[in-house]
1. If you check every pair at least six apart or on different chains, which have Cβ atoms under 7 Å apart with a residue in the stretch 56-76 that is under 16 Å from Lys28 (Cα atoms) first and a residue that is assigned to a helix (DSSP H, G or I) and of a type in the set (Gly, Ala, Ser) second?
2. Could you list, ordered by first residue, the pairs with Cβ atoms under 7 Å in which the first is in the stretch 338-366 and in contact (Cβ under 8 Å) with a residue 12 or more places away in the chain and closer than 26 Å to Asp441 by Cβ and the second is buried (at least 24 other Cβ atoms within 10 Å of the Cβ) and of a type in the set (Ser, Thr, Tyr), at least 6 apart or interchain?
3. List every residue pair whose Cβ atoms lie under 7 Å apart, where the two residues are 6 or more positions apart in sequence or sit on different chains, the first residue falls within the stretch 303-326 and is in contact (Cβ under 8 Å) with a residue 24 or more places away in the chain, and the second residue, located anywhere, is assigned to a loop (DSSP other than H, G, I, E, B) and of a type in the set (A, V, I, L, M).
4. Out of curiosity, is Ala97 farther than 30 Å from Glu458 by Cα, modelled with pLDDT of 95 or more, buried (at least 19 other Cβ atoms within 10 Å of the Cβ) and small (Gly, Ala, Ser)?
5. Out of curiosity, is Asp425 within 30 Å of Gln273 (Cα to Cα) and more than 43 Å from the chain's Cα centre (by Cα)?
6. Give just the number: which of (1) aromatic (Phe, Trp, Tyr); (2) modelled with pLDDT under 95; (3) more than 21 Å from Leu137 (Cβ to Cβ) does Phe313 not satisfy?
7. Just for helices (runs of 4 or more DSSP H) wholly inside the stretch 282-376: which have at least 1 residues that are in contact with a Ser or Thr (Cβ under 7 Å, 6 or more places away or on another chain) and under 30 Å from Ile398 (Cβ atoms)?
8. Go through the stretch 363-380 residue by residue and tally those that are buried (at least 16 other Cβ atoms within 10 Å of the Cβ) and over 18 Å from Gln156 (Cα atoms).
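The values are calculated or read from the model by the stated rules, or taken from the named source; none is laboratory data. In this text, all values refer to a predicted model and were calculated from it rather than measured experimentally. For neighbour counting, all protein chains shown are included, and Cβ atoms are generated from backbone atoms with ideal geometry for every residue, glycine included.
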Amino acid sequence: MNRDVYQEPLVSRYTSRAMQELFSEKTKFTQWRRCWLALAEAQYELGLTDIIRPEMLEQMRANIDNIDYDLAAAKEKEIRHDVMAHVFEFGTKCPLAEGIIHLGATSQFVVCNTDLIVQKQAFALIRAALLQVIANLAEFALKYKDLPTLGFTHYQPAQPTTVGKRNTLYIQDLIMDLEYIDSFLAQIKARGAKGTVGTQATFLELFKGDHQKVRALDELVSRKLGFQDAFAVTGQTYPRKLDMKLAETLAGIGASAHKFAVDLRLLSNLKVQEEPFEKNQTGSSAMAYKRNPMRSERMTGLARKLMGLPADFAATFANQWFERTLDDSAIRRMDIPQAFLLTDAILKLFVNITSQMVVFPKQIERHLRMELPFMSTEKILMESVEKGKSRQEMHEIIKEHSLAAGKVVKEEGGDNDLLQRLADDDRIPFSMVEIQAMVGDYAQFTGRASAQTFEYIEEVVRPLLFSRKAQMGAVDSSLSV
């Protein structure tokens, strides 16, 4: 590592080697050469045998990975054009083919097609990691499907749910993200061989006005590059609207991760659930006792950056005047790799956190005990009515004691003694023993949470994971500092 210049933290600290390699210069420039080879092969196969010979193609194939990066960089510095610098450098390795490399093409032939190929591969990595997070959360949700915990609305105590049920909500968000990836991948097509402004004029000239040959060239090149289809029409570039949808899709994953991470940070503060904490991990340089949720905090920060990127892509798309302007170039060089690297970093954290989350049932029970007296009043009210009491009268009595108990908790810092107050009131037809028996089972207040969790995992999540087994590869979840 060169410590004299700025290092991009996404590469030096946060992301997987696989994603880094996808956006490397080696991947880009070797793929450019594959694009030039695909074009030359297609032109030869469609009849340009008087211009292109087999030995030219063979020389190109043999030198796909043989790149003199220093020579290309020197040439680019001289002519101020990266594509033509690499045309020149490739030509030095393939002297027989030097005259037919990039024949009839514009720079965006290699740039756009390569970008689209890399994006497909990058989304495959993202999808695999997303599926792993879903699998982790599904296992966690089933493990804790029966464990009652306080629900919250407005971050105020609400009816109990279960730890497992809460985590099905995160899974559902991620499955929506997965479906958006599928939708985006269905829209990725090759730019193909469209020419300078998308009219294929040069290719039409090469094929002597044969429109069918030019259409066949577009289709054949696209298939050789691994696409089933090409955009029917383009300007100089593939539609930058696609980039906008790319950013929205990845930002959606960021938003799901952000919501999960913030919830876990709040749960950590309540001491009911935490992210993994390594044996020798230090939470604070000053406060030795601290167990800061630093992974969730990092995930929140990375997600915040990712969620802000779609505005850049929308502005870039909206400002593509007519067939194309070059103000898309610099920002796309930064934002497209960054969007994928951010998502990769977020999902590495997400996989890591969800692999070993820690739950503290006794602390959860403590919070339930503090709040459940208020939540159980409706049950006490209904049982009192069954004993022949007036609902309105019971409601007023319970409200009176609830307000008094709440005042003790909030203003005096005392325990919630509502149930004892009710038991001591002769107007309430139950003893303390009877009230405790009535409300002591926390699970009775969680409704169908446990059943919903089981049904969702078994009927939705497991079949989804099984059907996508081939899309789940080995996921790198190892973290640096």
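1. From residues that are under 16 Å from Lys28 (Cα atoms), the pairs are Ala72/Ala85; Glu76/Ala85.
2. These pairs meet every condition: Ile364/Thr149.
3. Here the result reads Glu323/Val197, each pair linking the stretch 303-326 to a residue that is assigned to a loop (DSSP other than H, G, I, E, B) and of a type in the set (A, V, I, L, M).
4. yes
5. When the stated conditions are applied, Asp425 does not pass them.
6. Here Phe313 clears every test but (2).
7. Those helices (runs of 4 or more DSSP H) span 361-375.
8. 1
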